[in-house]
Amino acid sequence: MTVLPRITSAPTLSKQFDLCCLRNWYQAKGRNLVALIFFAQIAALQLIGAANACAGELYPIDRKGVVERSDIILQKPNESPTEAMPLGNGRLGVAVWAQDGFTAQLNRGDTLPERLSPGQIVLPTLSKLAKAPDYQGRLNLYTAELEQSGGGLTVVTYVDEALDVLVVDVKGADPKEEQTVVLRLWSPRKPQVISRGTIGALAETWLDDREAGASNERFGSLAAVTADASHVRATSNDPLSVTLTFMPHPDGSFRVLVGAPSWPGGDADAAASKLLARAKSIRIDEHRAWWSAFWEHAGLMKLSSPDHSAEYFENLRNIYLFTAAAESRDRFPGSQAGVGDLFSSARDQHRWSPSAYWQWNLRMQVSANLGAGATNLNASYFRLYQENLDNILSWTRQHMGGRQGACVPETMRFNGRGYENETWLPNAPINCGEDSPPYYNARTISTGAEVSLWVWEQYEYTDDLEFLKKNYPLMREAARFLLVYAATGADGKLHTFPSNAHEMQWDVHDPTTDISAMRTLFPRVIQAATLLKTDSELVAELQAALTKLLPLPFTTVSSPTVMLKDRVDAADAIIASSYDPDAKIHNVENLGLEPVWPYGTIGDDKSLHNVAVRTFQNRPYKNEADWSYDPIHAARLGLPNELTASLVAITEHYQTYPSGLAAFSPSEPGGSAGDEPYVEQVGVLTDALQMALADDYNNLIRIAPAWPQDWEADGTVYLQHGNKVDVRLRHGELVCVGFEIASSGPLHVRNPWPGQEVEVIDARNSSTVLAARSDDVLTFAGRSGTNYLLERAAHKSSLLEPVSGTPATAPKSLGSRSIGLAMKAR
């Protein structure tokens, strides 16, 4: 006789996914009668409606615990600026480190054109904390707070979600010891210094009138400080700083409040007073509620592997999601060249011209946000181009021979001008300009098409028709420009010349990027225009142009600089960067893989898949640069071993800082502008992990197409139309697949168990939606608000446990790299 376990309380199985997985487990064990009785007990305990609990996630997730697995642990104080921890609310970013007790640099993305810092604050009286032998620190990603303790002090630091105010909340101070806070700037800054009563402030304004393409707009910075304490007094003894002194409350607590709002000028004293008066009512629970809601919506992943590399990458992905939310909620993107500008500890130093945005270094973040369900964080990216469309059209007419349409500059100032104002160049190079000498992006003409592609992707993921209406003009004008720039040759095909193969080859014939751009953009503009019932003449032009597009250029592994003239049937054929494969090389980009991603014309099941795999395996630049797209290309091509190898290689080479962020030049993390952290590497990693777990493109959903064999996973990836897929893998085996449907419509899913019979079950009532079949592609109609399970008909097996997590307790390491700071061995 089988003895049933006694159930005295309901297990954590409140969602239908767990009931189904539990049922499957018992069926797989041949315990159908036992399962029936067992489920009767569960049903009795879970009361009314528990069996139909499917409106939310398909399995319970301890979101707080899972996110806090990635917390950054400081076992010793982070005394160097290169060890700074990032904080932010999407508009105001802060870097915090323990130099001089406590130092924090304030950063904004709208202090243009040089992105000047509003200032730094220093709390020298917190040296007791930094020097304490029992010091502990934690950057809590779930609450977006830096928690520190030691020497009887506890300090919680965060940037308020609603107000652009940094809060330093201190407890355990000696109520009889005077405290000091210094707000400072540095030469050659020339701020207005305000020290009045309980408020100190530094304010400065300037004109954008010196760079090429200057807007002549007025910008500025304002930083203001006060304290929630006793006997607060502001004084100033020099033209670059203001000092605040005060006594803690009788219980040893105090709060330092530092505001840094958007500031184009005006009455700095009044603005500072108004902001800080509001800041005194800041409540930490409201701040935490916003971040809790952010993590509640995000697609999370809990990963593990025998060598613990998967856990490390899980941590980096959560760090990316945290930094994306902390920097991407202003008018324009917080990052402008893949740099984590809002988390800089380098005063006003910048490696790249801070006034310009680099599309190549932003696109991985756009794509990562789509798969993570953080589509709202892409708003600033699209606003950059949507608000500047008229300026881009004017620029195109002026610099591209009066042509119609939009040649979107690859490197573009915030006001739509295609200048790259680098300090080491005597003259600012021009992007999208036939009046420019050859240069990296002088004639890169595919950028508008790619931005338009992301517009369409954002629409497909959100079904937001108003968004499409607002951004369709950019798609239309990008297509118009390519139509007028491309010329019909004697072969009847459209040709682009002179044109850059991005930064790799300058002024060549028919770059792969141009061919891929037209092949991808034209059908999407047709779709968008048809949906919006507009531009019928343009639609006809684009339909005709599609018949005239060139095939991709091919060479061979053995002769990579010689065009392959015949059909691409050579055993060693690869995709070249352009029809001039012998042109001089200027960068380390693998442009033969651009058709794979972002353009998506080749994937893991298309006719050119083998050629693309060969191109990847023979790519000239392997794991070069912190923005290397090798992991994304490996994921899209279904290459799990190459995915892990490239993730490890890029992380070990570029992830320099204990914050988890990267350095552009890791050999010189403390050199000129070397303190700037980069977010592009974790953006690539995030997108690659999501793509490897579930990939949705070309109207086909692929489950675990490139998942490493020895990695385990509980993960959620967002799909098109707001739908989600929940995937569980154990010991290299795909265990459970579930879909959470937000938008009704057909779903086409590649059979995740090839050759085996699979059925689709309605998770509410276990009714069969799609009878068992072994087709390569499974198609079923999803209904909004309904969850579905994909199950193997002959071998139903799953796991019982919900997804839980335990907060991190120690720094993490991968080879020579680490997240957090470990205590030195004594």
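Observations
- Per-peptide average of other Cβ atoms within 10 Å, ordering 69-79, 422-432 highest first: 69-79, 422-432
- Separation of the Ser784 and Arg218 label points, Cα + 7 Å toward Cβ, nm: 4.8 nm
- Karplus-derived 3J(HN,Hα) values for the range 446-456, using 6.51 cos²θ - 1.76 cosθ + 1.60 with θ = phi - 60°, are 8, 4, x, 5, 6, 4, 5, 4, 5, 4, 5 Hz; glycine and proline are entered as x.
- Computed extension gain for Asp710 through Thr488, at 0.36 nm per residue and net of the alpha carbon distance, reaches 74.8 nm.
- If you model the range 469-540 as an ellipsoid using its alpha carbon gyration tensor, with each semi-axis the square root of five times an eigenvalue, the axes come out at 25, 14, 9 Å, biggest first.
- Taking the Cα centre of the range 531-659 as reference, the dipole from Cβ charges on Lys and Arg (+1) and Asp and Glu (-1) amounts to some 180 debye.
- Between the amide H of Ile72 and those of Leu139, Leu141, distances stay under 5 Å, these residues lying 5 or more places away or on another chain, with hydrogens modeled in the peptide plane.
- Annotation: amide H of Ser80 within the under-5 Å range of Ala98, sequence separation 5 or more or interchain, hydrogens built in the peptide plane.
- The fraction of all Cα pairs in the range 178-226 landing in successive 10 Å bins from 0 to the largest distance is 21, 41, 24, 11, 2, given as whole percents.
- nm² value of the averaged projected area, convex hull over the Cα atoms of the range 243-384: 13.1 nm²
- Of all accessible heavy-atom area on the chain, the percent that carbon and sulfur account for (1.4 Å): 50 percent
- Simple spin-label estimate for Asp605 and Arg773 in nanometres, 7 Å along Cα-Cβ: 1.4 nm
- Distance in nm between pseudo-label sites at Thr534 and Glu466 (7 Å out along the Cβ direction from Cα): 1.6 nm
- Viscosity 0.890 mPa s, temperature 25 °C, Stokes-Einstein D of the range 401-537 from Kirkwood C-alpha radius, µm²/s: 157 µm²/s
- The value for the chain of Rg(Cα) / (2.2 N^0.38 Å) is 0.99.
- In the context of the full set of protein chains, the chain has a per residue accessible area of 36 Å² (1.4 Å probe).
- Phi-derived couplings, Karplus 6.51 cos²θ - 1.76 cosθ + 1.60 at θ = phi - 60°, listed residue by residue for the range 165-182: 9, 8, 10, 10, 9, 10, 10, x, 6, 6, x, 9, 9, 5, 9, 10, 10, 10 Hz, with x used for Gly and Pro.
- Shown is the FRET efficiency for Asn587 and Leu549, computed with R0 = 22 Å from the Cβ-Cβ distance and rounded to the nearest 0.05: 0.30.
- Cα-based reach from Lys131 at 16 Å (exclusive), listing lysines while leaving out same-chain residues under 8 positions away: Lys76, Lys824
- Rolled with a 1.4 Å probe across the full set of protein chains, the surface gives Thr809 an accessible area near 110 Å².
- Cα-based reach from Lys548 at 20 Å (exclusive), listing lysines while leaving out same-chain residues under 8 positions away: Lys493, Lys565
- Peptides 504-512, 620-628 ranked from most to least packed give 504-512, 620-628, packing being the mean of other C-beta atoms within 10 angstrom over each peptide's residues.
- Order by protection proxy (mean Cβ within 10 Å, highest first), peptides 657-665, 166-174: 657-665, 166-174
- At an R0 of 30 angstrom, the distance between the Cβ atoms of Ser127 and Thr809 translates into a FRET efficiency of 0.70.
- Cross-link reach is defined here as a Cα-Cα straight distance under 17 Å, omitting same-chain residues fewer than 8 places apart; for Lys724 the lysines meeting it are Lys15, Lys302.
- Calculated FRET efficiency for the pair Asp566/Ala289, C-beta based, R₀ 56 Å, to 0.05: 0.30
- Under Karplus coefficients 6.51, -1.76 and 1.60, residue-wise ³J(HN,Hα) of the range 204-218 in Hz, glycine/proline x: 8, 10, 7, 9, 7, 9, 10, 6, 4, x, 4, 8, 6, 7, 9
The values are calculated or read from the model by the stated rules, or taken from the named source; none is laboratory data. Just so we're clear, the structure is a prediction, and the values are computed from it rather than from any experiment. Methodologically, a virtual Cβ is constructed for each residue, glycine included, from the backbone with ideal geometry; neighbour enumeration extends over all protein chains shown. To get the accessible areas, we keep the full protein, side chains included, count just its heavy atoms, and leave off ligands, DNA and RNA. Shrake-Rupley method; radii C 1.70, N 1.55, O 1.52, S 1.80 Å.
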